[in-house]
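To keep things clear, I will list the structure first and then write my remarks on it.
The values are calculated or read from the model by the stated rules, or taken from the named source; none is laboratory data. Keep in mind that this is a model prediction, so the values were computed, not measured. Positions of Cβ are backbone-derived with ideal geometry, glycine not excepted, and every protein chain shown enters the neighbour counts.
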2 protein chains.
Amino acid sequence: MSLPLAAVGPVADTLTDLFVVLLAAKLGDELFRRLDQPGLIGEIAAGAIVGPAVFGLVEPTETLEVFAELGVVFLLFWVGLETRLSEMFEVGRSALLVGVLGVVLPFAGGIGLAFAVGEDTATAVFVGVALVATSVGITSAVLLQLGAIRGRAGRTILGAAVIDDILAMLLLAVAVGLGDDDGVDVTAVLVTVAMALAFVAFFTLGGTRLFAQRPRLLHSPQFSESPLLPAVIICLGLAAFAAHIGLAAIIGAFLAGMMVAETKEQHPIEDEVAPLYAFFPPFFFAFIGTEVELSEFADAETLGLLAGVTILAVVTKYVGARLGARGLPSAEANVVALGMVPRGEVGIIVAGIGAAAGVIEDQLFAVIVGMSVLTTILIPPLLRGAVAELGEHRGSPSARA
Amino acid sequence: MSLPLAAVGPVADTLTDLFVVLLAAKLGDELFRRLDQPGLIGEIAAGAIVGPAVFGLVEPTETLEVFAELGVVFLLFWVGLETRLSEMFEVGRSALLVGVLGVVLPFAGGIGLAFAVGEDTATAVFVGVALVATSVGITSAVLLQLGAIRGRAGRTILGAAVIDDILAMLLLAVAVGLGDDDGVDVTAVLVTVAMALAFVAFFTLGGTRLFAQRPRLLHSPQFSESPLLPAVIICLGLAAFAAHIGLAAIIGAFLAGMMVAETKEQHPIEDEVAPLYAFFPPFFFAFIGTEVELSEFADAETLGLLAGVTILAVVTKYVGARLGARGLPSAEANVVALGMVPRGEVGIIVAGIGAAAGVIEDQLFAVIVGMSVLTTILIPPLLRGAVAELGEHRGSPSARA
């Protein structure tokens, strides 16, 4: 069996990767649900098992990364579809406080820890930024499964995640400037942040109003097909736009979802988006698993640093977000604070930028990746308990529930 | 605006590519439908316009190629969902004759033409193979839109395409062996063909029977979700398997669709697969457009060769398939023969293998790519006319119709 069908190879290999990852994720999801654990942890574990950490059946290739990115994009698009702007305004003040305080404490804590272990200023600022950014995908998936995404705590988390991402972008720009020979370009940083704010404000206020007043933009009887493709095109367009101005792509996808949610025929759209939301997100969770490199943690020093950074990341984010949410009842503030803890892919991206800039060396990179994965795995079980205490099983059931 | 957010760039660029291609394809599709032309030609034209041939907004990147491949995989999976095995057996004899004669004539014609313009044996055999393989994706999309895929002509085309692909694989293996220093490994070729036949027979007979008798494999009440992911996993698995043994991935996807179609609750599955079938195939058609390189056809000699090869490709395939279908009524035989003409991506893949092996030089490669695109664009309007004459608007309407 050695026919030299060279050009057929890449197609077969890519299809095999997608098959193996999706099958493993599905099995992990089913198994963890039967053990009464969050399915997404099963998907992450499945990624680790088929990935380099255990069997090495798949590598985290560029194609799998694209599918992972679309996974979290469609996840937040779905969350946006379940969110109404008017409900977001109700939690505006809490969300702002949670976002700001949930950034300040981890940032300060990360810088302090880095200085304490002898890093220089450029590296310390990067560590601070890597501890800042919440990955709202994980929490969204858990709250969707529990039907709690539209509750007050869920909405506060979503609003805070937008604030959080804008602040993280600002701090990242500063960190990159400090690591660069040219220093911080204050004008460029301010212009970028102003553009990010303008982007969010324009599409949140103008976009939702436009679609609320003109639902036929999506549901025109002149379209020969369903509104699915127009909706998906808006989602991809805003995600790409957000990424180009330095925000997370998922912020754009979330805003796109909120815009589309304003059209009157909301439910048929959700039925049609549901299969994309079932197909792509498992790649996101499994991809996190494929990025785990257990061999990096063979020595006690690295393990100790990992424990320290992870505890710091959990405590500073929890305390900061909880302080920000002190206007809410205690049980809700607990859900909000826990929900902000997972760092997921965002911490990994920041560490990757730092590594590319030469200010984050291998050991620190592995530690930040490990912290991101650990905060991601630890929180879902705790969050389920906190939501159960809330007695807040509101909202519509999810297609993935 | 030059913040050095290096690691954010690839995500933004990939999302932008997907956004631009999907938006362009949707606009091309809508425009061509309003002009009463086949939508997929509009999607191919849109790919050419945003691609290198005109504006150069997107390149045919690896990611777009993966999406294109999944596009044709989900297209044939959908076709399989609309196909019942018992209906395929009714057309078995005609399909076999169409497949065999539709391969023999183009192969002989291609070799003859290549010798006539002075090519050597190795190159001539490659040209013959490049003229052989039908791309059933194009014809399937047209027949689905017309609701004619389940008619006798549609089923004959699908069956013939399976035969066609097995023969093309056999001839390609021979061609690669002739271009190789080690010569043709007859044992390896026979083993490969035997495996392909065994694969098709096993999943066609055993797979459909298994699912017909045990629909709960997909629709188990124990699954916490819908049968969508299990069905998609089967599709990706058989597509990858087919590609690994040297068949086209779409053959595996088609067989997977037929297997899933045997489960009793067929319609919910179709509703859930429909969004994937709406999302991915536009990338397949637009990708064909991005591969067009008009600059290659600046001289009269290349243009003349293109015209000669294209006419030969159309005439030999039409005549061969028409002869094979002579047991059918004349109007149906016409639909079958026209439907086998598009070469689409298969001719391009064969030419690419020949180029990699050093037996297909640049001019010939461009001509084969041009022939593949031309046969793909020319046929849909003719096919629509032929189906209209048939008065055979049977079958279920398509989600893309």
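Points to keep in mind about this one:
- For the condition modelled with pLDDT of 90 or more, among the hydrophobic types (A, V, I, L, M, F, W, C) and within 29 Å of B:Pro60 (Cβ to Cβ), B:Ala357 does not qualify.
- You will find that of A:Gly154, A:Gly118, A:Gly147, A:Gly159, the residue that is farther than 15 Å from A:Ile245 by Cα, more than 12 Å from chain B (Cβ to nearest Cβ) and touching a Leu at 6+ places or on another chain (Cβ under 6 Å) is A:Gly154 and no other.
Every residue, every condition in (1) facing chain B (nearest Cβ under 8 Å); (2) assigned to a loop (DSSP other than H, G, I, E, B); (3) surrounded by 20 or more Cβ atoms within 10 Å (Cβ to Cβ); (4) under 20 Å from the mean Cα position of the chain (by Cα), yes or no:
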{"site": "A:Asp13", "(1), (2), (3), (4)": "no, no, no, no"}
{"site": "A:Thr16", "(1), (2), (3), (4)": "yes, no, no, no"}
{"site": "A:Leu22", "(1), (2), (3), (4)": "yes, no, yes, yes"}
{"site": "A:Ala25", "(1), (2), (3), (4)": "no, no, yes, yes"}
{"site": "A:Arg33", "(1), (2), (3), (4)": "yes, no, no, no"}
{"site": "A:Ala46", "(1), (2), (3), (4)": "no, no, yes, yes"}
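- Neighbours by Cβ (under 8 Å, 6+ apart or cross-chain): first from segment A:277-288, within 13 Å of chain B (Cβ to nearest Cβ); second polar (S, T, N, Q): A:Ala278/B:Ser226
- Single match in A:Thr187, A:Thr192 (criterion: crowded, with 19+ Cβ neighbours inside 10 Å, more than 30 Å from A:Asp271 (Cβ to Cβ), among the β-branched types (Val, Ile, Thr) and modelled with pLDDT under 90): A:Thr192
- Failed criterion for A:Leu236 (all others in (1) closer than 30 Å to B:Asp36 by Cβ; (2) over 19 Å from the mean Cα position of the chain (by Cα) hold): (2)
- Flag if A:Glu43 is in contact (Cβ under 8 Å) with a residue 40 or more places away in the chain, out of contact with any Phe, Trp or Tyr (no Cβ under 9 Å at 6 or more places or on another chain) and among the acidic types (Asp, Glu): no
- Put simply, of A:Ala242, A:Ala261 the only residue that is within 14 Å of another protein chain (Cβ to nearest Cβ) and within 21 Å of the chain's Cα centre (by Cα) is A:Ala242.
- Residue satisfying condition, being at pLDDT 90 or above and surrounded by fewer than 24 Cβ atoms within 10 Å (Cβ to Cβ), within set A:Ala307, A:Ala261, A:Ala325: A:Ala307
- Checking A:Ile269, A:Ile251 one by one, the residue that is within 14 Å of chain B (Cβ to nearest Cβ), farther than 30 Å from B:Pro227 by Cβ, touching a residue at least 40 places away in the same chain (Cβ under 8 Å) and in a helix (DSSP H, G or I) is A:Ile251 and no other.
- Being within 14 Å of chain A (Cβ to nearest Cβ), under 25 Å from B:Ile379 (Cα atoms) and surrounded by fewer than 20 Cβ atoms within 10 Å (Cβ to Cβ) is a condition met by no residue of segment B:89-97.
- The set of residues in segment A:349-381 that are within 14 Å of chain B (Cβ to nearest Cβ) and surrounded by fewer than 24 Cβ atoms within 10 Å (Cβ to Cβ) comprises A:Ile349, A:Gly352, A:Ile353, A:Ala355, A:Ala356, A:Ala357, A:Gly358, A:Val359, A:Phe365, A:Val369.
- Any pair with Cβ under 7 angstrom, 6 or more apart, that starts in segment A:201-220 at a residue that is in contact (Cβ under 8 Å) with a residue 12 or more places away in the chain and ends at one that is loosely packed, with under 15 Cβ neighbours inside 10 Å: A:Pro215/A:Lys264; A:Pro215/A:Glu265; A:His219/A:Glu265
- Of everything listed in (1) buried (at least 24 other Cβ atoms within 10 Å of the Cβ); (2) under 28 Å from A:Gly206 (Cβ atoms); (3) of a type outside the set (Lys, Arg); (4) out of contact with any Ser or Thr (no Cβ under 9 Å at 6 or more places or on another chain), the single unmet condition for A:Ala168 is (4).
- Restricted to segment B:180-200, and to residues there that are of a type in the set (A, V, I, L, M) and in contact (Cβ under 8 Å) with a residue 12 or more places away in the chain, the residue that is nearest to the other protein chains (Cβ to nearest Cβ) is B:Ala188.
- Test result for A:Val132, in contact with a Phe, Trp or Tyr (Cβ under 7 Å, 6 or more places away or on another chain), buried (at least 24 other Cβ atoms within 10 Å of the Cβ) and closer than 30 Å to A:Pro282 by Cβ: yes
- Failed criterion for B:Arg209 (all others in (1) charged (D, E, K, R); (2) modelled with pLDDT of 85 or more; (3) not in a helix (DSSP H, G or I) hold): (3)
- Condition check for B:Pro4: part of a helix (DSSP H, G or I), within 12 Å of another protein chain (Cβ to nearest Cβ), at pLDDT below 90 and more than 24 Å from B:Pro342 (Cα to Cα): no
- Residue check, B:Leu76 closer than 24 Å to B:Thr263 by Cα, within 14 Å of chain A (Cβ to nearest Cβ), under 13 Å from the mean Cα position of the chain (by Cα) and crowded, with 20+ Cβ neighbours inside 10 Å: yes
- Search result, residues across segment B:48-73 that are outside any loop (DSSP other than H, G, I, E, B), under 27 Å from B:Val232 (Cα atoms) and either away from chain A (no Cβ under 12 Å) or touching a Lys or Arg at 6+ places or on another chain (Cβ under 9 Å) (or both): B:Gly71
- Elements of the type helices (runs of 4 or more DSSP H) sitting completely within segment A:299-390 and holding at least 2 residues that are over 27 Å from B:Val11 (Cα atoms): these cover A:300-324, A:330-339, A:362-390.
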